[in-house]
1. Considering just Cα atoms, how many Å³ per residue does the convex hull of the protein assembly as shown enclose?
2. I need the phi-derived Karplus couplings for the range B:256-269: 6.51 cos²θ - 1.76 cosθ + 1.60, θ = phi - 60°, integer Hz, Gly and Pro marked x.
3. Could you tell me what % of all Cα pairs in the range A:3-154 have separations over 20 Å?
4. Between chains B and A, what is the buried accessible area summed over both chains (1.4 Å probe, protein heavy atoms, nearest 100 Å²)?
5. What percentage of the solvent-accessible surface of the range A:3-154, computed with a 1.4 Å probe over protein heavy atoms, is contributed by carbon and sulfur atoms?
6. Just to be sure I understand the interface: list residues from the range A:76-111 that lose 40 Å² or more of accessible area between the chain on its own and the complete protein assembly, 1.4 Å probe.
7. Pick from A:Ala43, A:Ala133, A:Ala79 the residue whose mean-square fluctuation is largest in a GNM of chain A, springs joining Cα atoms under 10 Å.
8. Taking 2.2 N^0.38 Å as the expected size of a compact globular protein, what ratio does the Cα radius of gyration of the range B:200-291 give against it, to two decimals?
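The values are calculated or read from the model by the stated rules, or taken from the named source; none is laboratory data. Remember, predicted model here, so these are calculated numbers, not experimental data. In this analysis, Cβ positions are derived from the backbone assuming ideal geometry, glycine residues included, and neighbour counts consider all displayed protein chains. For accessibility, only protein heavy atoms count, side chains too; no ligands or nucleic acids. Shrake-Rupley method; radii C 1.70, N 1.55, O 1.52, S 1.80 Å.
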Amino acid sequence: MSSLCLQRLQEERKKWRKDHPFGFWAKPTKNSDGSLNMQRWDAGIPGKENTIWGQGCFPITIEYPNDYPSKPPKVKFPAGFYHPNVYPSGTICLSILNESQDWRPAITLKQIVLGIQSLLENPNPNSPAQEPAWRAFSRNIKEYETKVLEQARKYPK
Amino acid sequence: MTFNIDKELITLPIHQNTIKEYNEQLRYPPSMFNNNYNIDFKTQTKQLLETYIDCYIAGIVDLANSTSKINKLGGNYIKYLHIQYANNTVLKNKLEQFKTDYKNISKDISTDNLTLDYIVNDENYYFSQLLNNIVSTEGSSTSTDTDFNNYCKNLNDPLLKVFKCLPLLLKDPMCVLPDDEENNINNNDDDDVKVAGGTIELTCPITCRPYAYPMISRKCNHVFDKDGLTNYFQSNEDGNQIKCPQGACKAYLTMSDFIKDDIMDLRCKIYKNISKKNKLNKNNDNINDVIL
Ligand SMILES: [Zn+2]
């Protein structure tokens with residue numbers, strides 16, 4: 001791991017502890033020996049109130065590569081997560097998380113989690129990543145909403 | 001135009017020759033045909049200013065409560081630029097005059113004859129007359145203060161900028177400078193890039209730490225620490241231009257687009273100094289509390 005990667009992650013952690021958006025949580029995972037693994041974080045994204053996502057707080061994992069922040073972290077929901085822009089593996093398709101698209105070293109954890117929260121209720125029609133949610137979202141909105149509500153109950157706030 | 005000779009300069013921990021030379025230049029400002037002083041003058045001014053700032057950081061000089069020292073130094077610098085500018089405009093006017101005069105007499109001379117030999121051995125003394133006119137007349141500068149101000153703006157002189165900003169920064173090192181606002185209007189890619197809640201962040205967006213060596217992009221005015229930038233550009237193996245590290249900025253950059261950001265450097269130094277002082281005061285208060 002480069003020294004910049006570790007240094008930046010320590011600063012991100014400090015900043016997050018000092019101030020983070022309401023309802024969100026994020027922390028580095030622990031290694032088997034109890035020490036902190038700064039390059040792998042767990043976090044929770046609350047659905048926005050008064051939307052079909054509003055009842056849930058959805059878990060993500062954030063993996064920071066060795067050349068972070070030059071390269072973006074890989075952010076995943078649990079495998080099989082129901083959303084048009086989430087791959088079956090759980091990987092999130094979001095432009096600010098894509099190196100060849102809008103990722104920049106100045107993008108913070110706060111911006112990432114807010115970006116994901118906004119993606120939940122505003123799927124991007126230009127980048128379908130899975131068949132079931134995508135099909136329902138574009139052809140059968142009732143079915144889509146039922147599935148989303150069901151999923152939100154699985155991850156209560 | 002008269003300069004302010006600052007007697008307090010002698011108290012600065014700087015080589016006395018530098019101060020002597022500086023004062024010497026104030027006594028003999030640049031003339032029309034000898035502008036080459038100004039490089040030295042600029043270097044000297046910069047050196048003196050840096051010494052003042054170093055002394056301020058070291059607690060020897062109290063700049064925050066007496067900006068007059070800075071104003072004297074800066075005032076002289078602006079006057080110097082003004083003289084230089086006035087001389088240049090006079091020369092420009094004279095050149096125009098020469099061109100007009102030449103057009104008038106050139107009817108008599110065919111361009112075939114216009115060799116260096118002809119000019120030197122000029123039997124009709126056309127050129128000597130013209131040159132005489134140019135050199136002997138006082139010449140006039142038609143420039144106004146607005147012209148000079150525009151000239152200063154286009155000059156983009158970092159030293160001039162420091163003089164303008166320093167009094168504001170001494171009061172509040174995180175303040176938004178009028179120029180910053182201008183920059184943001186000119187390239188409104190992302191409004192909240194440099195300005196967050198009316199204050200300037202003194203930490204690098206890449207390293208998220210206080211700046212150690214701030215550098216500014218000449219293309220988009222975004223500021224990053226040298227370490228973060230080096231790392232970012234090293235990750236790009238082919239060495240082509242890559243996107244600015246700032247979110248949503250549309251500029252494509254290489255390391256060579258960055259120069260040291262003197263203003264950010266000043267902000268950090270002053271900020272550090274103020275927090276150091278505040279800490280000291282707090283400690284003193286605590287001691288007083290105990291005594292009371
Ligand atoms: Zn930029």
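1. 277
2. Along the range B:256-269, the couplings run 6, 7, 9, 10, 4, 9, 4, 5, 5, 4, 4, 3, 5, 4 Hz.
3. So the portion of pairs separated by more than 20 Å is 49 percent.
4. It comes to approximately 1400 Å² buried between B and A.
5. On the range A:3-154, the fraction of accessible area on carbon and sulfur atoms equals 49 percent.
6. Flagged in the range A:76-111: A:Arg104, A:Pro105, A:Ala106.
7. In this elastic network of chain A, the residue with the biggest mean-square fluctuation among A:Ala43, A:Ala133, A:Ala79 is A:Ala79.
8. 1.47
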